[in-house]
1. Which residue out of ARG39, ARG19 is at pLDDT below 90, out of contact with any Phe, Trp or Tyr (no Cβ under 7 Å at 6 or more places or on another chain) and buried (at least 17 other Cβ atoms within 10 Å of the Cβ)?
2. Take LEU62 and tell me if it is among the aliphatic types (A, V, I, L, M), in the same structural domain as CYS14 (by TED's automatic domain parsing) and touching a Cys at 6+ places or on another chain (Cβ under 6 Å).
3. Here is a check on your reading of the model: is ALA90 modelled with pLDDT under 90, farther than 19 Å from ARG137 by Cβ and buried (at least 21 other Cβ atoms within 10 Å of the Cβ)?
4. Just to be sure, is GLY68 surrounded by 11 or more Cβ atoms within 10 Å (Cβ to Cβ), touching an Asp or Glu at 6+ places or on another chain (Cβ under 8 Å), modelled with pLDDT under 75 and of a type outside the set (S, T, N, Q)?
5. Go through (1) surrounded by 14 or more Cβ atoms within 10 Å (Cβ to Cβ); (2) closer than 25 Å to ARG28 by Cα; (3) out of contact with any Phe, Trp or Tyr (no Cβ under 8 Å at 6 or more places or on another chain) for MET172 and report which single condition fails.
6. Would you mind finding the one in LEU58, LEU156, LEU126, LEU62 that is closer than 28 Å to GLU194 by Cβ and modelled with pLDDT of 75 or more?
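The values are calculated or read from the model by the stated rules, or taken from the named source; none is laboratory data. Just so we're clear, the structure is a prediction, and the values are computed from it rather than from any experiment. No Cβ is skipped: glycine too gets one built from the backbone with ideal geometry, and neighbour counts run over all protein chains shown.
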Amino acid sequence: MSETPEDDVLLQRCRDGDRAAWSILVRRYQRLIYTVPRRAGLSEESCADVFQSTFSRLFEHLDRIEDGSRVRAWLVTTARRESLRLLEEARRRGSGQRAAGTGESDDDGADEIERIADPGPLPEALLSDLQDQHRVRQAVDRLDPRSRQFVELMFLQEEPLPYGEVARRMGMAEGSIGPTRARCLEKLRVLLQEIR
């Protein structure tokens, strides 16, 4: 089983036009980047805009990022700046968009700006959850292609797929889903122990 490449390797492959490397990089950080505008209290639509613009800027700046191991920090900083920009635009328009769970902010929107501009780490529980998700994603990426496809169909869909649909897509008998599921979960368990 090949290990999932580190960020600097992925970044170089992206520079070389490797679409698979770009997909891995986006999957690796998509939840983290989406969390930044959510933490700022932006709407779902604005969160999607921040996500899109953050990864678009990464793509535009692939050749300018000198230290590939700092991609995560670059993405978070870019997402924070974009979130702050949207908050400031909303304040100027007088749309009154407020951070989720907060009351009124003062007239200059300082509460929202301070929340998103904070360079500190994400709250500990959230960070721990994101790290766990990242480890699971790394483990899934290390599975052989057929096992990875099975796990993605069984567990990583927005809506759970019926066994019959998974069997159809995998070209296997529906009765073999259970044993295959057990084998794939065991492989993931072993990989997760290696990643710790």
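1. ARG39
2. So LEU62 fits the description; yes.
3. no
4. No.
5. Just one mismatch for MET172, condition (2).
6. Residue meeting the stated conditions: LEU156.
Conditions tested, residue by residue: (1) in a helix (DSSP H, G or I); (2) more than 29 Å from ARG146 (Cβ to Cβ).
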| residue | (1), (2) |
| --- | --- |
| ALA20 | yes, no |
| ILE33 | yes, yes |
| CYS47 | yes, yes |
| LEU62 | no, yes |
| SER69 | yes, yes |
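The rows are residues; the columns are (1) in contact with a helix residue (DSSP H, G or I) (Cβ under 6 Å, 6 or more places away or on another chain); (2) under 16 Å from HIS134 (Cα atoms).
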| position | (1), (2) |
| --- | --- |
| PHE150 | yes, no |
| GLN157 | no, no |
| PRO160 | no, no |
| TYR163 | yes, no |
| VAL166 | yes, no |
| MET172 | no, no |
| ALA182 | no, no |
| GLU186 | no, no |
| GLU194 | no, yes |
